[in-house]
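Structure first, commentary second.
The values are calculated or read from the model by the stated rules, or taken from the named source; none is laboratory data. Quick caveat, the model's predicted, so the values are computed rather than measured. Note that we place each Cβ from the backbone using ideal geometry, even for glycine, and neighbour counts take in every protein chain shown. All accessible areas refer to the heavy atoms of the entire protein, side chains included, with ligands and DNA or RNA removed. Shrake-Rupley method; radii C 1.70, N 1.55, O 1.52, S 1.80 Å.
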Amino acid sequence: MLSALLGLLALGGCALGSGRGAPLPALPPPPPQCISTHNGDCLSAPAFASAAEELAGDYRQDAGFEIQWGLGAIGAHRAYAHVDLLRGPDAAPGAGVTIGVIDSGIDPDHPSFANKTLHRGFLFGAGEETGESWSHGTAVASIAAGARTTDPNASFGVAWGADLAVWAIPLGEADQVYDPIPLEALARADAGFSSLFSQVFAWRDEGRDLDILNLSFGYDGLIDGYSEVDLRASFSETIATLAQTGTADKTILVWAAGNANNDVCRAGVPNCVNGQVNAVSVGVLPGLVARIEELQGHSVAVVALGPDGSAITDFSNRCGIAAPFCIAAPGEDVRLAWFGPREDEIGIRGYAVGRGTSFAAPMVSGGLAVMKQLFRGQLSNEELVSRLFLTADRTGIYADRATYGNGRMDLGAATSPVGVLEVPLATGALTTANATLDSTGLHLGAAFGDGLFDALGDREIMALDAFGAPFWHELDRFAATNDGPSLSARLRTFLGPAAAADSASGPGIPGSFVRPLPAAGRGHLALAEGAVVLTSTRQAGVSAAAFATGALRPGMRAAGAALSWRPGDFPVSFQAGWISEPETMLGSIGRGAFGALSADTAYAGFAGGLAAGGWRLGANGEFGMAVPAAHGGMIREISSLATSAFAVHATRGFGRAGSLSLSLSQPLRVESGWASLAAPTARTKRGEVLLRPLRTGLAPDERQLDFAARWSRTLPLGELRLGVVWSRRPGHRDGLGPDLALLSGWRWVF
């Protein structure tokens, strides 16, 4: 028997369909992937990039940004946009991070440090900055972490939300003639330098954070002129202290590379060419990292860029043999806080511009603080340094490694995901098997309602980029609920051999031949809709069927068997069945970090009816038990799931006027069961993944009830059907209002 169908459905509008039935359900697309912002918005990658670009443009127009050309050169506006979107507009860049500075001291009353937590220390007899001479330390600190003020003449620091810890030491004036420090003098200074750093690290070791230490001072002399053997012999105590052996997370040492290039020099001095220094490498102190292995990983040398094309300045040392540990940042015409004499007055506070690698180094120190904040302190300091180098701009002139080392600092790139984001699925090292974030999704079958979905709310999932940096997303963004049968499924049921209003939830498959499983009502067989069925002829009230979807529903395969028994003239029949879902769990599909799902479900039910007062009354119900399994994902354990479905209905004929059917039904629903998940939410500085456990019930809080009415009338050329379905809590979900569907169709058989 072939059926031709024509149907019209309306749900806040109308749609017209025709043919021999709508397409079978296909594998649902994964939930749309997105980046979760601080306010709960879920933005696609293009939308996030667009929002970040808009915010970055706003920062570029800020007076304090415009006045400091170096902020734009290092992509700080992009980093600020990332902090704004991911941490919130009130999360000032660098907040919660302390930048240390060893320098001449600091003027604590300068407006650049208003309302900022500031620790001060004084070493080797250094005193307060009096303003009688220019405060080099005040300038350096303002570039790294100066506050964001309303003064139109004031720039703000790269990490304006960071705190400061400043240690004052006596600093001498730079000589006019380049004179490399001899090893004997370096040896005499060794104990003092070691003591200096020991006191700073002791402050840190008392339980304080000191992730970054800016060092904008040094000696004449290029690292090329000092061998490892000589340095270890002459500077051993300082080297041992800077190595920070035994410290779990070593403080990052950010050194100014030196300003020796083109300095006046005497004939015979190494690297002196025609009376000027050719500074082919960084100075001796920032260059220690190139000679001493135990300093590598937490030491950075910074050369200075100029604003004209952002090429290296004429005064800056080049990276040279320290190239693997060197980076370039703005260091000329840099806006800074001024405290010192001006026009015969002392103690003047204001703003000025300066030049020197002394001012390039705090650009990097501030950038590292922003990175530390954005990644919630979960990257080790050595990883921050590695990321700083790996994300630097190496295009164009910055590909010259001997000059620029790793390239120009790019804070925007350093705070953006690199490569494919992956979700780690186990504790331990980051190298364990992962799932890509783009492939991750959970499409919940309608039987689960929003029970599991709600449990995922306010939970995060961590994904790691190609360099192991964490980025966080709201877990429920990767799950999608099901609103119940689609309009096309309702049409198939409405125009099928037995309308939904008076169909039993049992097998209901007559005959003894192979055919597609028709619309299977709202019970367990709906999990195998469209399957090819082999049925047996009813014998002694017993009929059996075997079915399988095969390739008809790729990715949602189902197979099983059903048995129906009606004892004699007894008005009630009994059904039982078994359904195997090798790739789904009650219609739910897991991907990526959610792993693969499967289930075997056994069910039993009844269907019966009686006549009363011209009406045909009926009821049917099913109760099942699913044994699910989860493989290779965050879902670690799932209990057995109790399920149910039922319907009560009444039908009355009115002769030539047709017949009327009324029904109340509940589609397949999970009644009890639980799942245990372990979602990656953090990582340690040692690179270990931390999983947050979650155990939640899987039964929805709500119950979908469908009230349906259908009128049908047989005519010479077929049957006309009109119907209405009103659904309470569609999809067993609380968030959806009532749903009303109007259906009409014409069915004829030939």
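Across the stretch 176-215, which residue is farthest from D230 (Cα to Cα) among those that are of a type in the set (V, I, T) and modelled with pLDDT of 95 or more?
The initial filter retains those residues of the stretch 176-215 that are of a type in the set (V, I, T), namely 177, 181, 200, 212.
So of that shortlist, the ones also modelled with pLDDT of 95 or more come out as 181, 200, 212.
Working: I181: 13, V200: 26, I212: 28 Å.
If we take residues in the stretch 176-215 being of a type in the set (V, I, T) and modelled with pLDDT of 95 or more, then I212 is farthest from D230 (Cα to Cα).
One line per residue, one yes/no per condition, for (1) open to solvent by less than 30 Å² (accessible area, probe 1.4 Å); (2) outside any helix (DSSP H, G or I):
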position	(1), (2)
R208	no, yes
N214	yes, yes
R232	no, no
T238	yes, no
A248	no, yes
V254	yes, yes
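Among (1) assigned to a strand (DSSP E or B); (2) open to solvent by 20 Å² or more (accessible area, probe 1.4 Å); (3) closer than 27 Å to V724 by Cα, where does R656 come up short?
Tallying (1) assigned to a strand (DSSP E or B); (2) open to solvent by 20 Å² or more (accessible area, probe 1.4 Å); (3) closer than 27 Å to V724 by Cα, R656 fails exactly one: (1).
For the stretch 622-636, what are the residues that are at pLDDT 95 or above and surrounded by fewer than 21 Cβ atoms within 10 Å (Cβ to Cβ)?
Answer for the stretch 622-636, where residues must be at pLDDT 95 or above and surrounded by fewer than 21 Cβ atoms within 10 Å (Cβ to Cβ): F623, M625, V627, A629.
Every residue in the stretch 564-579 that is within 58 Å of the chain's Cα centre (by Cα) and of a type in the set (G, A, S), please.
Result: S564, S573, A576, G577.
Which residues, taken from the stretch 161-180, are over 20 Å from F197 (Cα atoms) and either open to solvent by less than 30 Å² (accessible area, probe 1.4 Å) or among the hydroxyl-bearing types (S, T, Y) (or both)?
Those that are over 20 Å from F197 (Cα atoms) and either open to solvent by less than 30 Å² (accessible area, probe 1.4 Å) or among the hydroxyl-bearing types (S, T, Y) (or both): G161, A162, Y178.
Those residues that are at negative phi and surrounded by 22 or more Cβ atoms within 10 Å (Cβ to Cβ), I need them from the stretch 304-322; list them, please.
Keep residues of the stretch 304-322 that are at negative phi, which gives 304-308, 311-319, 321-322.
Listed by number, the residues that qualify are A304, L305, I312, T313, S316, N317, R318, C319, A322.
Within the stretch 46-90, count every residue that is of a type in the set (G, A, S) and under 19 Å from the mean Cα position of the chain (by Cα).
8
Residues of the stretch 582-605 being within 20 Å of R669 (Cβ to Cβ), in a strand (DSSP E or B) and among the aliphatic types (A, V, I, L, M), which ones?
Correct list: M585, I589, L597, A599, A602, A604.
Scan the stretch 605-619 for residues that are touching a strand residue (DSSP E or B) at 6+ places or on another chain (Cβ under 8 Å) and open to solvent by less than 50 Å² (accessible area, probe 1.4 Å) and jot them down.
Restricting attention to the stretch 605-619, the residues satisfying the condition of being touching a strand residue (DSSP E or B) at 6+ places or on another chain (Cβ under 8 Å) are 605-611, 614-619.
Scanning the stretch 605-619 gives G605, A607, G608, G609, G618, A619.
Going by the structure shown, is P693 touching a His at 6+ places or on another chain (Cβ under 8 Å), closer than 30 Å to P424 by Cα and modelled with pLDDT of 85 or more?
It is false that P693 is touching a His at 6+ places or on another chain (Cβ under 8 Å), closer than 30 Å to P424 by Cα and modelled with pLDDT of 85 or more.
Output the number of the condition that Y59 fails; it satisfies all remaining conditions of (1) open to solvent by 20 Å² or more (accessible area, probe 1.4 Å); (2) out of contact with any His (no Cβ under 9 Å at 6 or more places or on another chain).
(2)
Could you check G131 against (1) closer than 27 Å to Q373 by Cα; (2) assigned to a loop (DSSP other than H, G, I, E, B) and say which number it fails?
(1)
Is the stretch 633-642 home to any residue that is closer than 25 Å to T714 by Cα and β-branched (V, I, T)?
Step one: filter the stretch 633-642 for residues closer than 25 Å to T714 by Cα, giving none.
Within the stretch 633-642, not a single residue is closer than 25 Å to T714 by Cα and β-branched (V, I, T).
Given the criterion outside any strand (DSSP E or B) and touching a residue at least 12 places away in the same chain (Cβ under 8 Å), identify the matching residue among G621, G608, G633. Outline the logic, then answer.
Values: G621 fails: outside any strand (DSSP E or B); G608 fails: outside any strand (DSSP E or B).
After applying the criteria, what remains is G633.
Return only the number of the condition from (1) touching a residue at least 12 places away in the same chain (Cβ under 8 Å); (2) out of contact with any His (no Cβ under 6 Å at 6 or more places or on another chain) that E382 does not satisfy.
Here E382 meets the rest and fails (2).
Are there any pairs, at least 6 apart or on different chains, whose C-beta atoms fall under 7 Å, with the first in the stretch 685-704 and under 30 Å from L379 (Cα atoms) and in contact (Cβ under 8 Å) with a residue 60 or more places away in the chain and the second among the basic types (K, R) and open to solvent by 20 Å² or more (accessible area, probe 1.4 Å), and if so, which?
The qualifying pairs are L694/R459.
Is the stretch 331-338 home to any residue that is aromatic (F, W, Y), surrounded by 24 or more Cβ atoms within 10 Å (Cβ to Cβ) and touching a strand residue (DSSP E or B) at 6+ places or on another chain (Cβ under 6 Å)? Reasoning before the result, please.
Step one: of the stretch 331-338, the residues aromatic (F, W, Y) are 338.
So of that shortlist, the ones also surrounded by 24 or more Cβ atoms within 10 Å (Cβ to Cβ) come out as none.
No: zero hits.
I'd like the residue in the stretch 387-425 that is out of contact with any Leu (no Cβ under 9 Å at 6 or more places or on another chain) and among the polar types (S, T, N, Q) and, out of all such residues, is surrounded by the most Cβ atoms within 10 Å (Cβ to Cβ).
Going through the qualifying residues, I end up with T403.
Restricting attention to the stretch 281-303, which residues are in a loop (DSSP other than H, G, I, E, B) and polar (S, T, N, Q)?
Passing the criteria: S281, Q296.
Out of R318, R342, R349, R335, which single residue is within 37 Å of the chain's Cα centre (by Cα) and of a type in the set (D, E, K, R)?
Answer to the check: R335.
Tell me, which residue of the stretch 59-101 that is in a helix (DSSP H, G or I) and among the small types (G, A, S) is farthest from G218 (Cα to Cα)?
A81
Being open to solvent by 70 Å² or more (accessible area, probe 1.4 Å) and closer than 15 Å to R703 by Cβ is the filter here; which residues of the stretch 736-749 pass it?
Passing the criteria: only P738.
Within the group A599, A545, which residue is closer than 30 Å to G632 by Cβ and surrounded by 17 or more Cβ atoms within 10 Å (Cβ to Cβ)?
Sole residue among the options that is closer than 30 Å to G632 by Cβ and surrounded by 17 or more Cβ atoms within 10 Å (Cβ to Cβ): A599.
Determine whether the stretch 642-659 contains at least one residue that is in contact with a Pro (Cβ under 8 Å, 6 or more places away or on another chain) and closer than 30 Å to V423 by Cα.
Initially, the stretch 642-659 is screened for residues in contact with a Pro (Cβ under 8 Å, 6 or more places away or on another chain), giving 645.
Those still in the list that are closer than 30 Å to V423 by Cα too: none.
Checked the stretch 642-659: no residue is in contact with a Pro (Cβ under 8 Å, 6 or more places away or on another chain) and closer than 30 Å to V423 by Cα.
Quick one: in the stretch 95-126, of everything that is on the phi < 0 side of the Ramachandran plot and among the aromatic types (F, W, Y), which residue is surrounded by the most Cβ atoms within 10 Å (Cβ to Cβ)?
F113
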